[in-house]
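The values are calculated or read from the model by the stated rules, or taken from the named source; none is laboratory data. Since this is a predicted model, take the numbers as computed values, not measurements. Glycine gets a Cβ as well: all are built from the backbone with ideal geometry, and neighbour counts include every protein chain shown. Protein only, heavy atoms only, side chains kept; ligands, DNA and RNA dropped before computing areas. Shrake-Rupley method; radii C 1.70, N 1.55, O 1.52, S 1.80 Å.
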Amino acid sequence: MTTPPFVTTLGPSAEIHYYPSYIDSTESAELINLWTQELDWIQSSINMFGKQVLIPRLNAWYGERGYGYSGTYFKPKPWTPELKHLKTRIEKTTGHSFNSVLINWYRDGRDSMGWHSDDEASLGINPQIASLSFGDSRKFVLREKSNKSNKHSLLLEDSSLLVMLGETQTLWQHAVPKTTRSLQSRINLTFRLIE
């Protein structure tokens, strides 16, 4: 049985739910070993200020629908049994449906994710995003779009689930900043519904 989440209210219509130890740590280690070897990893590029720039992490896209952002398009790979199982489990926990997952592999502290919102038109209005973390803990930060000094941060630990709800993507940005700390691999799955 899943323990109730820690809830952070970001405003009247936006909140995040954090489930520590959502899956067993042994299962987490096994999945990291499997995925680093078997998933179809690429280092994609995005369009920044008119130039194509390699992103500082590896990624993969699985599910039923393709996805595009910043000039990059991901053609979906079929669900693996492990990814399908996790999708079904998270859907039961959250009550939300998902048909695709973006997987990011942060190989060390130099790999990162810049400020952004998951608010592309293909995600619909106020998309709900479920983020499952495996491996080393990383700092996750949020800032309000209309007041960038208004920030929240939390540590996304191994085997944890973070769910961003309501108008979080509409009103807030989030990031995984670089760090000089010596870190091991982290693999993050963000489940989403592509319309």
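Structure above, values below:
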| item | result |
| --- | --- |
| Any chance residue 62 is in a strand (DSSP E or B), exposed (fewer than 13 other Cβ atoms within 10 Å of the Cβ) and not polar (S, T, N, Q) | no |
| Only listed residue being in a helix (DSSP H, G or I), free of Cβ contacts under 8 Å to residues at least 60 places away in the same chain and among the basic types (Lys, Arg), chosen from 87, 92 | 92 |
| Residues that are surrounded by fewer than 21 Cβ atoms within 10 Å (Cβ to Cβ) and of a type outside the set (D, E, K, R), drawn from segment 120-131 | 121, 122, 123, 124, 125, 126 |
| Some residue of segment 16-31 being in a strand (DSSP E or B), under 27 Å from residue 171 (Cβ atoms), in contact (Cβ under 8 Å) with a residue 24 or more places away in the chain and in contact with a Phe, Trp or Tyr (Cβ under 6 Å, 6 or more places away or on another chain) | yes |
| Tally, over segment 99-119, of residues that are more than 13 Å from the chain's Cα centre (by Cα) and open to solvent by less than 40 Å² (accessible area, probe 1.4 Å) | 4 |
| Residue selected from segment 99-118 under the condition in a loop (DSSP other than H, G, I, E, B) and in contact with a Pro (Cβ under 7 Å, 6 or more places away or on another chain), by the criterion nearest to residue 36 (Cα to Cα) | 111 |
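For (1) more than 22 Å from residue 3 (Cβ to Cβ); (2) within 16 Å of the chain's Cα centre (by Cα); (3) among the hydroxyl-bearing types (Ser, Thr, Tyr); (4) in a strand (DSSP E or B), each residue gets a yes or a no:
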site	(1), (2), (3), (4)
130	no, yes, no, yes
139	yes, yes, no, yes
149	yes, no, yes, yes
174	yes, yes, no, yes
